[in-house]
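Worksheet: one structure, shown below.
Readers should treat all values here as calculations from the given coordinates under stated rules, not as data from a laboratory. Small disclaimer: the values here were computed from a predicted structure and weren't measured. For neighbour counting, all protein chains shown are included, and Cβ atoms are generated from backbone atoms with ideal geometry for every residue, glycine included.
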């Protein structure tokens, strides 16, 4: 409070207020709204202060117009980038991840993320949101990423790993981004296909009949929700019968998690759905077909298990080892699931168990369901084979003194003979052993941090249909401020502003 009321503090306060605007998802045009709210709160907050009038006047004098907010956001983002670059170049090694998505006006935006270790421990940061306004071939992405790294003065000699999705433009063997990046750097990198993306692909390996069940559910949900009158009447029906749920959910094809939620909600409201569709003379004989219903309840349970895996893989701070262990654990669970449906115990299939209890005369097709699970398990095993080969290497930072160095796929720039000698030298030194234990604890702590680093969700929220004219520089600045863990150096920024003659 003393800082806000101190002389020459309006510029610093405007930087802080601007950061709050961005963090709360407000637009540049909300600067005056934020300022008015700040003044109203301050009237009450400083009511007992002798210099209340001076404090309120300082706040009123705070430059917080839309233009000021824009300029402050760009300056803070630049300051944060400088801090990031300094830490990255100080790190002995770092890895990058590159992903792309279209914004609201169909400009392809490539998000470049970087993971490294600084004095505060492991960091995972967005370096830049790169607009690709022409083609998005592998060479275009590679050129843009290299330009970003070079323009920011990031030392590419320390780059050891790159992760992408499985698109041909990213992982093509001849002209993919990863291949071209390795050629440009003239060395091999540890290249990974995003675990989360591969998990989503594995989840789509249900038999065609099961996928048809999902498609029909979506069709029925659309019949109810897409038309306003039908939607209102269905919600009124659910309210009248005191249903646990007040509505159905729509499936978003971009988000795999929505599929399981749609199925679960649909089954929970199934009897009410039947009643409503009949009242509208919409005939779906599948709703009375026990074989179709069996597949529906099976899909509810399997998508629920997949959603649990998906959530465990999401979040900021997950290490590759942690994610791989989660996938390998799920592969083992698939063996348990297959045995469960084959025996008919259904201990891990609550929805299917309820269906079986409700339809005593129906015999479950255990062989079919077991084959569906086994096929999915095979797909998991195939897609994650490259990660499985690297498990020992990924485990090395956690248990370096327990692994034979000759079995490791060493990082670029690491000489295996030197590594063996160094490990032998420190194996019996308590200082180094304790440091490795400390690093393990830090990695576990980072893994528990589930603060989402959802770049594209924030991008679409900031550059919405109401802000389509937001410039590339402004969008980049806002997204960076929104998702970064760094704090801009407000004192330095405000002092630099005050040095200008106009101030």
Inset, instruction - Place the peptides 475-488, 128-141, 281-294 in order of packing, highest mean first, counting for every residue the other Cβ atoms within 10 Å and averaging per peptide. - result: 475-488, 128-141, 281-294
Legend entry - Pairwise label distance in nanometres, residue 422 with residue 209, each label 7 Å out on the Cα-Cβ vector: 5.7
Inset, instruction - Quote the FRET efficiency, to the nearest 0.05, computed for residue 487 versus residue 382 with a Förster distance R0 of 56 Å and r equal to the Cβ-Cβ distance. - result: 0.80
Inset, instruction - Quote to one decimal, in nm, the extra length available between residue 133 and residue 389 on full extension: 0.36 nm per residue of separation minus the C-alpha distance between them. - result: 88.4 nm
Legend entry - Computed FRET value (nearest 0.05) for residue 52 with residue 308, which takes r as the C-beta separation and R₀ as 41 Å: 0.15
Legend entry - Gain in span if fully extended, residue 150 to residue 362, counting 0.36 nm per residue against the direct Cα distance: 69.8 nm
Inset, instruction - Report the extension gain between residue 106 and residue 66 in nm, rounded to one decimal, defined as 0.36 nm multiplied by the number of residues separating them, less their alpha carbon distance. - result: 11.9 nm
Inset, instruction - With label points built 7 Å along Cα→Cβ from the Cα atoms of residue 219 and residue 270, find their separation and express it in nm. - result: 1.9
Legend entry - Three principal axis lengths of region 81-221 [C-alpha, angstrom, descending]: 55, 35, 32
Inset, instruction - Determine the shape class of region 61-148: with a ≥ b ≥ c the square roots of the Cα gyration tensor eigenvalues, call it rounded for a/c under 1.5, and otherwise prolate if a/b is greater than b/c, oblate otherwise. - result: oblate
Inset, instruction - Could you work out how far apart the two model spin labels at residue 415 and residue 468 are, taking each label as a point 7 Å from the Cα in the direction of the beta carbon, and quote it in nm? - result: 6.0
Inset, instruction - Give the calculated FRET efficiency between residue 454 and residue 232 to the nearest 0.05, with a Förster radius of 41 Å applied to their Cβ-Cβ distance. - result: 0.80
